[in-house]
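Structure first, commentary second.
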């Protein structure tokens, strides 16, 4: 197959091929040539053999253990056998291109470490795809549901939890949770490969656009403190069709971007597709058991016992008595999901894109779609349990109750619709299903979504600069909401005076933003006496709880009754403890460093890492900036890619926190980091007019 390989002035590779099928080969080649280690890590992650093939590092062992707990090697083989012929052909073309690209990658890449991993076959690719869908998204949903159980065991007041999450704890059984084995440290405190964050996607219809055409913007908020960056930017052309945007090395899809006619991006729907069930295990309980082997390079292998009841996988597989079973509905339908994303490549309208995405069931996402004809719309995808008995899915279902799964919400049973007032937007909000069904129990507060709509609604003629500037917006609606009640309870002192003068923008130079961070964190800790005491303090500082529980916690802090209730004295003491602080600029308190994916932390002379840098924003700003606790470390969450486009032009603008090449000694390893930090974007055009020499592969 002949490929015409190009490089534009900004350093983004482009490939021109003779056929649509060749585009999948081309993407595989680009991934293998420029990101071999990253591509092979993802492609092999679902096999459960990374620690065996590379090194027995804790992150790799966690990936292997998770792959076996979900039985992804078996699932991958099953789902590969269900791929439609056209999908299988495209996957095989991608893998053939990946093979050729890996062979062309420089052998100097960390001593050829990627050579230790084989190019995946279709079953391994599907297993890796399933693992990527689970980590940091469904995994964190399950962990944060178990945090509820932990805090009950630690002495949290059930009535306070019921008030905090009202009305989602209907029918729960705190007494059953108290007799479970201790849940502390049950799961690693790690947000996973894709991180715990949020995303923005928004579009405006031609009536609101200065150009008279649909405009589209996307900025997924994921891990930004790794090099090479999570996303790989690509430009591919096949005849009149082209693809521009962000891809994930190891997967044959355009995650965020556009073709000639349609632009698309998803935001995490925070859908509750992980549920727990109280069980009592005895000799008569029907169980399915299997034994997995965790290989460890240079060390003896470990055995992992896995047991499943009819309702899910047991958390304590060898124990008798009280237990919890856990089930993830997204594990079904990997073949249909990857087929949907490969069909998305060739959609010629927003309606066609929605039809393609209706088959997606593994990833739970809100999608914003816009097309050249001016159609702008929203659609939710995924597979979410339809639950019985008014059960929300947040607490474990009691063992003796009417709660359970009746079916699944998918496709057109999930929320969807046209733009409202010429605006379609999503930012990890919770939307209701048929009949008001609960689809999300940990949805983010609507701060970012409301701010996006607020700015766009107030702009008479929106242009691309409007969208690009909005992606950098640092005004905090969280501060607008919480400051009145905080100031009413904060003693006079330096912090109070800073907050009174603060413009509520979370800028790196802002001392007021740092003051708000101090009082907000203090207030969260002030809730501890009624929410589990010392264990609540620990979860705030070592897990992603403050992100996933943010909506409930902020609702409690915004309620004056909370400050006069059982936690009132603790809240007052917590604020008094920071009232006389003398904070410095926010950018000195919140910083991040970009570390190499596997070899980060080596001395600066190796040239693998970058930073530290200030991290603007907080959990509530459109430009989100958040340091999420992960055990003894923190993971930086922010815009992992920024993309804007006018659907009437064959052009987009984008940037990401890094560069093209995964080789740390390449000039393009971190080529866009400065423009990313400064808020600039580079143009992204189809490669057909680039100057290049033909490359035959």
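Only the coordinates and a few stated rules stand behind these numbers; no lab work does. Note that the structure is predicted; figures quoted are calculated from it, not measured. Cβ sites come from the backbone with ideal geometry, for glycine too, and all protein chains shown count toward neighbours.
For the peptides 640-649, 464-473, the ranking by mean Cβ contacts within 10 Å, running from highest to lowest, is 640-649, 464-473. Average projection, convex hull of the Cα set of segment 576-639: 6.3 square nanometres. The spacing between segment 272-294 and segment 469-530, judged by their C-alpha centroids, is 45 Å.
Enclosing the Cα atoms of the chain in their convex hull gives a volume equal to 146 cubic angstrom per residue.
The helix-based estimate of mean residue ellipticity at 222 nm for the chain, built from -39,500 (n - 2.57) per DSSP H run of four or more residues and divided by its residue count, is -9500 deg cm²/dmol to the nearest 500. Counting every other Cβ atom within 10 Å of each residue's Cβ, 260, 623 order from fewest to most as 260, 623. For segment 1-52 versus segment 570-599, the inter-centroid distance based on Cα atoms is 40 Å.
Short-range pairs are left out: with C-alpha atoms under 8 Å and at least six residues apart, the relative contact order of the chain is 19 percent.
How large is the translational diffusion coefficient of segment 477-588 in µm² per second when you combine the Kirkwood radius over alpha carbon pairs with Stokes-Einstein at 37 °C and 0.692 mPa s?
Working: Rh = 14.2 Å.
So the translational diffusion coefficient is about 232 µm²/s.
Sorted fewest first by neighbouring Cβ atoms within 10 angstrom, 423, 236, 15 come out as 423, 15, 236. This ranking places 666, 510 by how few other beta-carbon atoms lie within 10 Å of each, fewest first, which gives 666, 510. The tail of the calculated P(r) for segment 310-362 beyond 16 Å holds 56 percent of all Cα-Cα pairs.
Spherically averaged projected area of the convex hull of Cα atoms, segment 553-697: 15.3 nm². The antiparallel fraction among DSSP beta bridges confined to the chain stands at about 90%.
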